[in-house]
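**Q** Below is one structure. I have some questions about it.
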Amino acid sequence: MNTQMHELLPGFRLRAMREDDLDCVVAIEQSAAVASWTHKAFADSLSGAHDCDVVEQVADGALDGKVVAFRILSRVLDEAHLLNIAVSADFRRRGIALALLNQMEVFCEAKDISMLYLEVRESNHGARELYGNQGFCETCVRKGYYQSAAGAENAVLMMMELAPHK
Ligand SMILES: CC(C)(COP(=O)(O)OP(=O)(O)OC[C@H]1O[C@@H](n2cnc3c(N)ncnc32)[C@H](O)[C@@H]1OP(=O)(O)O)[C@@H](O)C(=O)NCCC(=O)NCCS
C-alpha cells in the first residue's frame with residue numbers, strides 16, 4: 001500500500017509486507033477459525049499488484065518487531081477490495097483491525113477510491129460486527145462462495161462508499 005512505516009497504535013507500527021514476513025503471515029492466517037489462503041496465495045499477492053501490509057509490535061527504539069496482523073487490498077481504478085485481514089489470536093480485541101480499517105479508508109480516499117468492497121463468511125459474526133461498526137453495509141449474499149472440505153459456506157458482500165479527495 002506504499003504506507004510509510006508509521007505508528008498505527010501506541011506500540012504497533014504499520015509497514016509494507018516483505019517476503020521474509022510470509023511465514024508469520026501464514027501462521028496468523030492459520031490461527032483464524034477457517035484459514036483459506038495458502039503460502040503461495042500470499043506470495044502471489046506480494047509479488048503481484050496488491051497492497052500488502054503488516055502490523056508489527058515494536059519495543060521502544062527497536063528496528064524490527066513481531067508481526068501481529070496483516071491486510072491485503074486490491075485497487076482497480078476507483079474501486080478497492082479488501083481481500084484479507086487478520087490479527088494474531090493473542091492480539092485480538094485491542095483495536096488493531098479497527099485501526100487498520102481506519103487507515104485503509106484514509107489511504108483509499110487519498111488515492112481517489114470511491115468504493116470499498118469485501119466478502120465475509122456468513123458465520124463470521126465478529127468480523128461482520130467490525131465491518132458494520134466501520135460503516136460497511138451488507139449488500140447481498142453469495143451462495144456457496146467459500147468451498148472447503150467442511151462444505152460450502154455463503155459469503156456476505158459488504159461495501160462502503162468513500163469521499164475521495166477529487
Ligand atoms: C476479525 C478480526 C480481524 C478482528 O480483529 P481485532 O483486532 O480483534 O478487532 P478489533 O479489536 O479492532 O475490534 C473492533 C470491534 O469490532 C468488533 N469485533 C471484533 N472482533 C469481534 C468478535 N470476535 N466478536 C464480536 N465483535 C467483534 C467489536 O465491536 C470490536 O470492538 P470492542 O472490542 O470494543 O467490542 C480478528 O478477529 C481476526 O483476525 N479473525 C480471524 C480472521 C478473520 O476472520 N478475518 C476477517 C476475514 S473477512
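**Q** Among the numbered criteria (1) surrounded by fewer than 17 Cβ atoms within 10 Å (Cβ to Cβ); (2) touching an Asp or Glu at 6+ places or on another chain (Cβ under 8 Å), which single criterion is violated by residue 84?
**A** Of everything listed in (1) surrounded by fewer than 17 Cβ atoms within 10 Å (Cβ to Cβ); (2) touching an Asp or Glu at 6+ places or on another chain (Cβ under 8 Å), residue 84 misses just condition (1).
The rows are residues; the columns are (1) in a strand (DSSP E or B); (2) at pLDDT below 95; (3) surrounded by fewer than 15 Cβ atoms within 10 Å (Cβ to Cβ).
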site: 119; (1), (2), (3): yes, no, no
site: 123; (1), (2), (3): no, yes, yes
site: 131; (1), (2), (3): no, no, no
site: 138; (1), (2), (3): yes, no, yes
site: 153; (1), (2), (3): yes, yes, no
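**Q** May I pose another question? Which number in (1) in a strand (DSSP E or B); (2) out of contact with any Ser or Thr (no Cβ under 6 Å at 6 or more places or on another chain) marks the one condition that residue 157 misses?
**A** (2)
**Q** Confirm whether residue 84 is part of a strand (DSSP E or B) and either within 12 Å of the ligand (Cβ to nearest atom) or modelled with pLDDT under 95 (or both).
**A** Answer is yes for this residue.
**Q** Considering only the range 78-97, state which residues are in contact (Cβ under 8 Å) with a residue 60 or more places away in the chain and under 14 Å from the mean Cα position of the chain (by Cα).
**A** Correct list: 88, 95, 96.
**Q** Additional query: Restricting attention to the range 21-44, does a residue exist that is acidic (Asp, Glu), surrounded by 12 or more Cβ atoms within 10 Å (Cβ to Cβ) and closer than 27 Å to residue 165 by Cβ?
**A** Scanning the range 21-44, I find no residue that is acidic (Asp, Glu), surrounded by 12 or more Cβ atoms within 10 Å (Cβ to Cβ) and closer than 27 Å to residue 165 by Cβ, so the answer is no.
**Q** Could you check residue 36 against (1) closer than 22 Å to residue 154 by Cα; (2) touching a strand residue (DSSP E or B) at 6+ places or on another chain (Cβ under 6 Å) and say which number it fails?
**A** For residue 36, the exception is condition (2).
**Q** Which residues, taken from the range 97-117, are assigned to a helix (DSSP H, G or I), surrounded by fewer than 18 Cβ atoms within 10 Å (Cβ to Cβ) and either among the aliphatic types (A, V, I, L, M) or in contact with a Cys (Cβ under 7 Å, 6 or more places away or on another chain) (or both)? It would help to see each step written out before you state the result.
**A** As a first pass, look at the range 97-117 and keep what is assigned to a helix (DSSP H, G or I): 97-110.
Among the residues that remain, those that are also surrounded by fewer than 18 Cβ atoms within 10 Å (Cβ to Cβ) are: 98-99, 102, 106, 109-110.
Across the range 97-117, the qualifying residues are 98, 99, 106, 110.
**Q** Determine whether the range 54-65 contains at least one residue that is more than 15 Å from the ligand (Cβ to nearest atom), touching an Asp or Glu at 6+ places or on another chain (Cβ under 9 Å), not in a loop (DSSP other than H, G, I, E, B) and not polar (S, T, N, Q).
**A** No, the range 54-65 contains no residue that is more than 15 Å from the ligand (Cβ to nearest atom), touching an Asp or Glu at 6+ places or on another chain (Cβ under 9 Å), not in a loop (DSSP other than H, G, I, E, B) and not polar (S, T, N, Q).
**Q** Looking only at the range 28-53, which residues are assigned to a helix (DSSP H, G or I) and more than 15 Å from the chain's Cα centre (by Cα)?
**A** Residues satisfying the conditions are 39, 40, 43, 44, 47.
The values are calculated or read from the model by the stated rules, or taken from the named source; none is laboratory data. Predicted, not measured: the structure shown is a model, and the values here were computed from it. For neighbour counting, all protein chains shown are included, and Cβ atoms are generated from backbone atoms with ideal geometry for every residue, glycine included.
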